[in-house]
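What follows is calculated from the coordinates using simple rules that are stated; it is not laboratory data. Everything numeric here is computed off the predicted structure, so don't read it as measured data. Backbone-built Cβ (ideal geometry, glycine too); neighbour counts: all protein chains shown.
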Amino acid sequence: MTRTITRRYASFEDARNVVVRLSDKGIPADRIGLVGRQETGEDSTVAAAGLGGAAGAATGFVLSIGALSLPGAGAVIAAGWLLGGAAAGALAGGIAGALMDVGVAESEAERHAEAVKAGSAVVAVQAELPEVSEVEAIMDAGLPIAEEPIEPGGRDDPRDLSKAVS
């Protein structure tokens, strides 16, 4: 059984770094999705080369990255399972639809879609139950955009890297 875990990041580069860490820990590329805007002015080929070089050719990401024009979001770069099969068709209809198709709650999916429109990036991982806590720790160590204000230094402070897996 799998669970889809999503996090929003302030930039495509932040999200890409999380993807690299997930890949390094052995999460298969076909279970990691990434969608966002490449704000640095690079085209999708350069972005793909940078991601592939950082994560290593074995991740498969360099083979599954592409530029799309999405309704309401404009030009975005998507990678991983979001470009495969039914997810790609749903993504063409909108980011929220693609995420809802894999079990993300409608309100959360819509927040992610709005964030991408505003320039953020989203990483979505289809994690097997035994790896959920490790995946969440890696994603949280990447400093995702918080849903609600978090008390600095508190138990849920995303800057607390004690839960991160090295």
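Overview of results
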| quantity | calculated |
| --- | --- |
| Ascending count of other beta-carbon atoms within 10 Å, so fewest first, for Ile95, Ile5, Ile77 | Ile5, Ile77, Ile95 |
| Burial order of peptide ranges 115-124, 102-111, 131-140 (average beta-carbon count within 10 Å, highest first) | 115-124, 131-140, 102-111 |
| Length added when fully stretched, Glu108-Asp24, from 0.36 nm per residue minus Cα-Cα | 27.5 nm |
